[in-house]
Each structure stands twice: as C-alpha cells, then as structure tokens.
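The values are calculated or read from the model by the stated rules, or taken from the named source; none is laboratory data. Since the model is a prediction, treat every value here as computed from it, not as a measurement. FYI the Cβ positions are ideal-geometry reconstructions off the backbone, even for glycines, and counts take in every protein chain you see. Quick note on the areas: whole protein, heavy atoms, side chains included, nothing else; ligands and nucleic acids left out. Shrake-Rupley method; radii C 1.70, N 1.55, O 1.52, S 1.80 Å.
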Amino acid sequence: MQWFLKYGPVKAVLSLVAILLVLLPSAASAGFGTIDANKAYQAEHMRYLREEYYSESYVPCDESKIAAFNIPDAIARGVKYNEVAFLGTHNSYKIGSTDEYKKLYEAFDVLTFGFISSETALFAADTLTQQLQLGIRNLEIDIETVVGDGSIDFAVSHIPYLDNVSSCYDLELALEEVKLWSDNNPGHLPVSVIIEPKRAVVPIDGMRGFNVDYANELDKLVSSVFGETLLTPADMMGEYSSFKEMREADGWLPLGDTMGKVLVLLHDCSATTKFIKQDETIKSRAMFPVLRYNDRNESYTSFILDNEPDAALKHQEENIDKCNLIVRTRADSFPDFSEERYAMINQCSSQIISSDYVVKAGETPYHTFSFDGYTVKLINK
C-alpha cells in the first residue's frame, strides 16, 4: 500500500508488472531445471522404498489407530464403502516450490495488496508414502500429457515450468509407489487416488492437451500397474447393470470387500464426456469418472465433486440421501481456512474430505485438520 500511495496507481501497477516480466522468465527457467531434479528425486525415492519394504525393519500400518471406529465390528455389521468418510490431500505430490516461484508470488502479493498471498507458494506436502503411513486414504495427482518418441507419458505437475516441484514426477512410478505401499500393508482400508488432467497446456517439449485417446491410455496404465489390487467399476457394480441401478438398491460394496484395495478416480476434465460415451456402463474401465452435481442422476455416475462445504451441505439430501452418491468436498484451500468452513465439513456427509492441513511426518508451523484426531470415520447418513 505504501508503494501505491507514494507512486500513484498507474506508476505503481506498471512498476510491478515490470517486476513480474523479470521474474516470470526466471521462474520458468528454474522450472525447466526442476524436471531433472524431480526425476532424480523420484528414482532415488523409489529405490529406497523397494529396499525398505523388503527389509526386516518395515512395520505395516495399524489401521485401528487411524479409524474413529472399530473396523472388525464395522465389517461384521456390514457397513458399506459409501458409509465411511476418508481424509484426503490436495496436490498430494507437491513437496515444495522453487525460490523463483516464491519470489513471483511475493510480487503478486504486493501487486494485489495481499489479495493473492505470498504464502500460497509455501504449500508443501509429504511424499505419497508418508501420507499413506500417516493415515491419508485419498490422494490427488495432477498430470500433464507428454508425447514423444512413440510413447505417451504422464508428468505429475502443478503448473508446467513454473510450479512443478514434485515427489513423483512420472505418473507410472507414482502409481507404483501407491501399489508398493498397498502390497506391503495387506488388509488396509481402501485407498482412492484422484487423477486430474490439467487444462492448461504448454505446447513445448511434447506436452499435449488431454483428450479421449490419452484418457484411454491412462486407463490402461492404471490397470497394468495395479492389477488385482485395483477395485474397478465392474467390481463395485457386481451384477447391477449400471451405477444408477446399484445406487438405487444401495448396493455399494461392504467395507470388508474393499479392504486392501485401491480405487482410481478420473477427475472431471475435457475428455470426460467422450470417455464415458465409449462405454456408458463404465464396466470395461479401470477408473471411476468423477462428475459434477448436474450429473447426479446419470446412469454412469458414482463419484461427484462438490468442493465447497456450503454447497455440499445444500446438496446433501439430493446427493447422499436420494442419489446415494459418493461426494468429494474440500475442507480448506491453502493458505485459507476458517472454523466456519470446518464446522460445515463436520456437518456434511461427504465421504472424501480433502484438506491442505493434514498431519505431516515433520514439524509444521500450521494447524492440522482431522476427524478428531482420526483420518477415517463413519458418516451419518
């Protein structure tokens, strides 16, 4: 504000835009260099994990410590998958930002008089394995499609070449990391992974806009990596002809039948409609399409996004009670949170609650959000 008062609105804005023009190339340049660092980090991380899981020191997670209910009792009573709420993370792969990206956000902070906070660039998550070890049972991974040398690959990145620090840059290895954890923690509570193809495209280095052909390749990749660990739409539906028929019969699988399994969810994206039209039963698919409120009555709908707690509460009777859907809602959005928002989260019956403020492996200067100290709970339907 002092800058604004001293130089006047026009000169202040022009000066700050000039600063951004200097910082953007620097941030982009740092992002280019980060790709190799990401790959090296992931290769070393995976090498360590493969050795750790086969060592005598590894101890599987005790699921009873993360659930706010008695798991064997819930299974014996026939509690269903859609009657359980799981704490998840947003941008689960993002372990930090480059110094250049942080400087860019410091400039944004000044330019917008704090409306865009410099703290935004400070967000950092644990590795996928650390999160799973601590009880997180829903992960979210953003991807970009990279085509080259006859191959189709998927890079895990927030904003290409600007904000792409990642613990698991190669999606195939990221999925293998989840599979390794699952294999070495037999009988764990079900884990779901949301894969979100980003809409922004940087048409360099083989990056392409996500389309239905790439969605099909992604579906094949998910199936090949997880194998029998994967719980597919066909597994969930069983003898029902559609998700709608299954939902109307309250035919979601019992929790006991989902233990030790991984579900992969395709976040609503530009290819969703065509992906569904290829098989509206979804029975041939590895991934569950995650749709929106307006799609709640479709025959192929199972999971939907209703990210704002007030909207989730407003739509709860329709989404949960009537349509019998599984809903993903966000508790907060780093660096913003509020007790009012958390109060609404505690009232709603969404089954996937994503937070940027979960407990971490190391010390954190921020508060933490949980279900009274647990990461999994039963919901009130």
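Here is the figure for segment 180-208: residues that are hydrophobic (A, V, I, L, M, F, W, C), closer than 18 Å to Thr272 by Cα and open to solvent by 10 Å² or more (accessible area, probe 1.4 Å) total 2.
Given Asn319, Asn324, which one is part of a loop (DSSP other than H, G, I, E, B) and touching a residue at least 12 places away in the same chain (Cβ under 8 Å)?
Details: Asn319 fails: part of a loop (DSSP other than H, G, I, E, B).
Every option except Asn324 fails the conditions.
Quick check: anything in segment 245-258 in contact with a helix residue (DSSP H, G or I) (Cβ under 8 Å, 6 or more places away or on another chain), in a strand (DSSP E or B), under 26 Å from Leu378 (Cβ atoms) and in contact (Cβ under 8 Å) with a residue 12 or more places away in the chain? Yes, segment 245-258 contains a residue that is in contact with a helix residue (DSSP H, G or I) (Cβ under 8 Å, 6 or more places away or on another chain), in a strand (DSSP E or B), under 26 Å from Leu378 (Cβ atoms) and in contact (Cβ under 8 Å) with a residue 12 or more places away in the chain. Output the residue which, of all residues in segment 260-294 that are assigned to a helix (DSSP H, G or I) and not aliphatic (A, V, I, L, M), is nearest to Ser224 (Cα to Cα). Result: Phe275.
Within segment 218-233, the set of residues being loosely packed, with under 14 Cβ neighbours inside 10 Å and either of a type outside the set (Lys, Arg) or part of a loop (DSSP other than H, G, I, E, B) (or both) comprises Ser224, Gly227, Glu228.
Checking the condition open to solvent by less than 40 Å² (accessible area, probe 1.4 Å) and either over 24 Å from Arg330 (Cβ atoms) or free of Cβ contacts under 8 Å to residues at least 60 places away in the same chain (or both), which residue from Leu266, Leu313, Leu291 passes? Steps first, please.
Numbers: Leu266 fails: either over 24 Å from Arg330 (Cβ atoms) or free of Cβ contacts under 8 Å to residues at least 60 places away in the same chain (or both); Leu313 fails: open to solvent by less than 40 Å² (accessible area, probe 1.4 Å).
When all the criteria are applied, what remains is Leu291.
The residue list Ile71, Ile95 contains one member that is hydrophobic (A, V, I, L, M, F, W, C) and either at pLDDT below 95 or at positive phi (or both), which is Ile95. When you scan segment 164-179, do you find a residue that is open to solvent by 40 Å² or more (accessible area, probe 1.4 Å) and assigned to a loop (DSSP other than H, G, I, E, B), even just one? Taking every residue of segment 164-179 in turn, none turns out to be open to solvent by 40 Å² or more (accessible area, probe 1.4 Å) and assigned to a loop (DSSP other than H, G, I, E, B). The residue that is nearest to Asn184 (Cα to Cα), counting only those in segment 54-93 that are of a type in the set (Phe, Trp, Tyr) and in contact with a helix residue (DSSP H, G or I) (Cβ under 6 Å, 6 or more places away or on another chain), is Tyr58.
From the list Ile282, Ile304, pick out the single residue that is open to solvent by less than 10 Å² (accessible area, probe 1.4 Å), more than 30 Å from Pro72 (Cα to Cα) and among the β-branched types (Val, Ile, Thr). Talk me through it step by step, then tell me what you get.
Values: Ile304 fails: more than 30 Å from Pro72 (Cα to Cα).
It is Ile282.
If you scan segment 295-316, which residues turn out to be of a type in the set (S, T, N, Q) and outside any helix (DSSP H, G or I)?
Pass one, segment 295-316, residues of a type in the set (S, T, N, Q): 297, 299, 301-302, 307, 316.
Matches in segment 295-316: Asn297, Ser299, Thr301, Ser302, Asn307.
In segment 180-189, is there at least one residue being in a helix (DSSP H, G or I) and of a type in the set (Gly, Ala, Ser)? Within segment 180-189 (the criterion being in a helix (DSSP H, G or I) and of a type in the set (Gly, Ala, Ser)), the answer is yes, since at least one residue qualifies. Of all residue pairs spaced 6 or more apart or on separate chains, those with beta-carbon atoms under 6 Å, a first member in segment 349-364 that is among the acidic types (Asp, Glu) and a second member that is open to solvent by less than 10 Å² (accessible area, probe 1.4 Å) are Asp356/Asp332. For segment 328-364, the candidate set comprises residues that are assigned to a loop (DSSP other than H, G, I, E, B), open to solvent by 10 Å² or more (accessible area, probe 1.4 Å) and of a type in the set (Asp, Glu); within that set, the residue that is modelled with the lowest pLDDT is Glu363.
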